[in-house]
Structures are given as structure tokens and as C-alpha cells.
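Since the structure comes first, as C-alpha cells, the remarks are kept for the end.
The values are calculated or read from the model by the stated rules, or taken from the named source; none is laboratory data. Keep in mind that this is a model prediction, so the values were computed, not measured. Glycine gets a Cβ as well: all are built from the backbone with ideal geometry, and neighbour counts include every protein chain shown.
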Amino acid sequence: MSPATSARGILGAAIGSLIRAYRWLALRPLIAGVLVAILSITFAVAASTIQGFQQPQAHDEYSYLLGAETFAHGRLTNPTHPMWRYFETFHVLQQPTYNSKYPPANALFIAAGWVATGHPITGVWLSFAFMCVAMFWMLRAWIGANLGLGISLAFMAWMSQGYWSYSYWGGAVAAGAGALVLGALHRIVRGGGGARHAIVLGLGLLLLANSRPYEGFLVSLPVAVVLARWLWRDRGATWRRKWRQVVVPLGIVGLAGMFCMGEYNHAVTGRWLELPYSTYQRTRAAAPVFIWQQQNRLAPVADPTMRAFEAWEDSTYQWRKNPQSQVEFATAFVTDFVELVIPPTLLLPLLLIPLALRNRWTRFALGTLALTVVGMGLTAFFFSHYAAPLVGLVLVVHGSCLAWLARLRAGRLPVGSALAAAIVALWFVGGAGNTVHDFLTSSHTAWPDAWSEQRKLIADTLSRGGRRNVVIVRYGPAHSPHTEWVYNAADIDASPVVWARDMGDPGNQPLLDYFRDRAAWMVEVNSDSGSFRVSPYPSRTP
């Protein structure tokens, strides 16, 4: 036997062993799910390390952290601070209570990690692992054990490179919730249902309602139609069993969830049926949520940064009302969202959609995608994580096309299954390879010149030795309204550093009088790349 023949035999045996091990794992969902969870957290930790555990960058991240810290302290909300006008900032309610405007699900995950480890970033890793395991559970029902495991692992590796795995901006919770809803629906309708799947369906719907309510509602509409049709199709003894095993537990979970949502709304806004987001939109947002709504009429604000942000909101709203913007939105949805989930070079199997549409579940997935995208086109703003409830549907459509590709044969050769396996393998290797390469070659240090890192450095320096400070932020004309320094902890008075807006020398005096026991400083922020001048406040001796 030649060396070349021997090498081919060894390689073939190794590949055969790997395939057998993979099939063994795919048939054991509990072990496979645990593996997906461990790998998800590992990749998320690696992504955060590559990014240098950077400080929050977007307004929304600080707002989510405020909500998470509030929960971590065992509270639903915080009382309005007497000096709240100095602390006004974006996406944060100051009245009737002090809290994040956002639905609480993402903040709850962050709070869970914060309480468990003392670090909020672990809550992000927890939410990322939840999303990946939920996708595995869903795909196993929709696509099958073998292909479902492969797609979930590939998706996990690829998504670990995105901001969903290392930022506080959200996305993973809503995506995981959508996967729970879809996975439970498929199992219930296909006859493998029961009380446990009805409970999962209810929990998924509640998570959607408390993470991405509007997009989650659009996804839930077709789900409700399919479930209602399934309930109505067979009556008699089967009808009673369906109500006992599905409708009753689903109703109990739903009623309990709505009661909890009402309690939270009442604590934050004073009204059982008014979301914190709605209160913020009514009192502080310059642009409405939907393009057909009238523009909000807000009282003018003195702060130039807040006026600049309101102008940006208004310009975005005016642009979205233009019919041409709908085409640009559809393009952005594909380029920003679909390519976030699946590598662009591996989208070719979608050409098999006409074949995949023979399956009614694929038709349901594609129809739900279309309905939700049309509905999202009616909103004034779009970022990739807004479409998070659609991640599972995108994977289902792509996975259905891969399943049809796997049927392709050239004579007796199963070339289709080899191609499908190669696509999934490239998907996984592309994500994992990039993460491993960046982890081994990057310096693993935070961006020292970033404004958020400088903000943290100033806070850490001023608070050394237990010193307590109030820092007044004075913005220059070159400052961008998208980089905001004035964010505070849930308990403002207990914070070593309090950040406040500059209201001019006479206007700052009530704040200085309130915090008379603290050293007062001023930081001057003009260009967001620095430098940032920190000096004692002129009228106070530190």
C-alpha cells in the first residue's frame, strides 16, 4: 500500500468517526443542548475579550443597564430624584419614576448575570446562550435532528462575532423568545404537544412582549391563526384534550404574565396599561413610532445636545415617510439583518425557495417573515436587533432550502448531502475561525481613545479612596448627540460619581447646593475623540 493510499484511508476513517460521533450527538438532545450552551458562552466570552470588555457606546445600552441595576437591587423602579432636571438623558424616564424606558426582559437577563457574578456582562453571555439553545430546540423540530444541530452550531459561531454577544444593546433575548414560540407551536400542532410545550409557548410570547413588543406581536399573529385552526379542526374527545393540555396551561401562563406586566407598568408609570416606553414617547420623544402618526409636540429643551438629538429623530422620521425609503429599508433589512445571521456567500441555497415552499411550514415561515417585514417598514427607525424575533424564521427558511439541497443526487452519489454539509461546515468554520484568530492575535485591551473609556477613567480616578464627586458635563459645538456622558446609576445619591448636565453658572447652583458634601468638577466635551478637560468647578473648592 502506498503512503498516499494509507493517508487517504486514515483520513477517511477519521471523517467516518467524526460523522458517527456527530449523528450520535444529534440523537441526544439533552447532551447536544448542553454542548450548545457551553460553546455559546465560550464564544461570547471570547468575543467580549476581543472587544476589550468595552464600555457601553449607545444610549440604549446605558438605559438597559439602569433597568438591570434596578432589578439587581430588588426594585421594579426608582423614585424621581429631586434634581432630576440635571440628569435628563436619552431613553430614560425621570418622571413619574426614574427608570429605563425599555421593556424589562433584556434587563432581567443582565440583572441575573450581575447578581450571580457581580458583572453585568455575564448577563449578556447568558442571553446569548439562551438564544442559541432556543434555536437548537426550535430547529430540531422544524428541520430535523442532524441538520438542526449543525445549523444551530454554525449560527452560534457566526453570531458570536456580532454585537449581540458582547454589548448591552439586546437582540438575543427576543431572538430566543421567537425560537421558543416557533418550536413550541410546531410540536403542539404536529401532535407532540402537551402542557409543557404550551407553557413554553406562553413563556416565549411573554418574552416577546417584554423585549420587542411590536415585532413580537407581528410574529405572534400568524402563530395565533395556526393555533386557532389546529384547535378548531378536530372536536369531540380530541377537542377536550387540546383544551386541557394546551389552552388551559397557556391561559394560566398568559394571565400570570399579564398580571406581572401590569404590576411593572403600574410601578413605573402609575398606570397598569401604560408601558414605560409609551410614557417616554408621549413626554420626551420628538418623533412617533410609526410613520403615519403625527409628530410629537414637546416643550422646548434648553440643552443643545438634546435639541440636536431631537432634530436627528425628526429628520429620520421625515425621511421614513418618503416612499423611496421603503426600498432602502428593504435593502437594509437584507444587508444588515439577514447577513448578520447568515454569511452572504452562503445564501445561494435560498434559490431553492420555490421547492421549499412545497412544505406548508416553510410557507408559514416565509409568510410570517413577509408580514413582519412589511409591518416593520411602517416604523420610523430600524436597527438589526429590532428584527430579532425573525431570526428563527430566517434559519427555518434557509434550513428548508438546505434540506432540499441535500436530496440532490448524481446517479448514486449523494452530492447534495455533501454540499449541504459543506455549507454548514463553512458557516461554522467561518465564524469560529474568525473568533479564534481575533482572540489569539488581538491585544485584548479596551479602546483607550474611545469617549466611553475616557468617561470611565475619569470616574475611576475621581472616586479613588472613596471620594464622592459631582461632575458637570459641558458640551462644545463639535459634540455629537449620539455620544452621551450624562447617565447615572439606579441609586444616584449613593454613587461615588454623579453626572449632571451643565445649566450655566447660575443654573448649576441648586445642584451644587444639593451635593454640597461632594467635590464638584467640570468636564468639557467637544470632539468625541478627546481630549477631555477635567477641572474643579470654578465656584467650588474640591
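Looking at this structure, is Val429 β-branched (Val, Ile, Thr), modelled with pLDDT of 90 or more, in the same structural domain as Trp158 (by TED's automatic domain parsing) and within 26 Å of Leu182 (Cα to Cα)? Let's see the steps before the verdict.
Numbers: β-branched (Val, Ile, Thr): yes; modelled with pLDDT of 90 or more: yes; in the same structural domain as Trp158 (by TED's automatic domain parsing): yes; within 26 Å of Leu182 (Cα to Cα): no.
So Val429 fails the test.
Within region 45-87, can you find the residues that are within 23 Å of Ser211 (Cα to Cα) and of a type in the set (Phe, Trp, Tyr)?
Tyr62, Tyr64, Phe71
Of the conditions (1) surrounded by 16 or more Cβ atoms within 10 Å (Cβ to Cβ); (2) outside any helix (DSSP H, G or I), Arg271 fails just one. Which one is it?
Looking at each condition in turn, Arg271 falls short on (1).
Determine which member of the set Ala111, Ala129, Ala47 is buried (at least 20 other Cβ atoms within 10 Å of the Cβ) and closer than 29 Å to Tyr514 by Cβ.
On the way: Ala129 fails: closer than 29 Å to Tyr514 by Cβ; Ala47 fails: closer than 29 Å to Tyr514 by Cβ.
The unique qualifying residue is Ala111.
Kindly indicate whether Trp230 is part of a helix (DSSP H, G or I), out of contact with any Lys or Arg (no Cβ under 9 Å at 6 or more places or on another chain) and at pLDDT below 95.
Against the criterion (part of a helix (DSSP H, G or I), out of contact with any Lys or Arg (no Cβ under 9 Å at 6 or more places or on another chain) and at pLDDT below 95), Trp230 does not qualify.
Answer yes or no: is there a residue in region 527-537 that is under 29 Å from the mean Cα position of the chain (by Cα), closer than 20 Å to Asp303 by Cα and not hydrophobic (A, V, I, L, M, F, W, C). Break it down stepwise before answering.
Of all residues in region 527-537, those under 29 Å from the mean Cα position of the chain (by Cα) come to 528-529.
In the following step, the residues that additionally are closer than 20 Å to Asp303 by Cα were identified as 528.
Of the ones still in play, those that are also not hydrophobic (A, V, I, L, M, F, W, C) are 528.
Within region 527-537 (the criterion being under 29 Å from the mean Cα position of the chain (by Cα), closer than 20 Å to Asp303 by Cα and not hydrophobic (A, V, I, L, M, F, W, C)), the answer is yes, since at least one residue qualifies.
Given the conditions (1) modelled with pLDDT of 90 or more; (2) surrounded by fewer than 15 Cβ atoms within 10 Å (Cβ to Cβ), which single one is not true for Asn508?
Of the numbered conditions (1) modelled with pLDDT of 90 or more; (2) surrounded by fewer than 15 Cβ atoms within 10 Å (Cβ to Cβ), the odd one out for Asn508 is (2).
Please work out which residue is farthest from the chain's Cα centre (by Cα), limiting yourself to region 485-505 and to residues that are part of a helix (DSSP H, G or I) and at pLDDT below 95. Lay out the reasoning, then the answer.
Step one: filter region 485-505 for residues part of a helix (DSSP H, G or I), giving 492-494, 504-505.
The next check asks that each one be at pLDDT below 95; those that pass are 504-505.
Details: Gly504: 38, Asp505: 41 Å.
Among them, the one singled out is Asp505.
For region 464-484, what are the residues that are at pLDDT below 95 and in a loop (DSSP other than H, G, I, E, B)?
Correct list: Arg467, Gly476, Pro477, Ala478, His479, Ser480, Pro481, His482, Thr483, Glu484.
Quick check: anything in region 315-332 at pLDDT below 90, under 30 Å from Leu76 (Cα atoms) and under 24 Å from the mean Cα position of the chain (by Cα)? Reasoning before the result, please.
From region 315-332, those at pLDDT below 90 are 315-332; that's our starting set.
Among the residues that remain, those that are also under 30 Å from Leu76 (Cα atoms) are: none.
No, the conditions are met nowhere in region 315-332.
I need a count of the residues in region 381-419 that are crowded, with 22+ Cβ neighbours inside 10 Å, closer than 30 Å to Gln293 by Cα and out of contact with any Gly (no Cβ under 8 Å at 6 or more places or on another chain).
Summing the residues that are crowded, with 22+ Cβ neighbours inside 10 Å, closer than 30 Å to Gln293 by Cα and out of contact with any Gly (no Cβ under 8 Å at 6 or more places or on another chain) in region 381-419 gives 1.
Taking the options Ala387, Ala403, Ala370, name whichever one is under 17 Å from Arg140 (Cα atoms), in the same structural domain as Ala141 (by TED's automatic domain parsing) and assigned to a helix (DSSP H, G or I).
On the way: Ala387 fails: under 17 Å from Arg140 (Cα atoms); Ala370 fails: under 17 Å from Arg140 (Cα atoms).
Testing whether each residue is under 17 Å from Arg140 (Cα atoms), in the same structural domain as Ala141 (by TED's automatic domain parsing) and assigned to a helix (DSSP H, G or I) leaves just Ala403.
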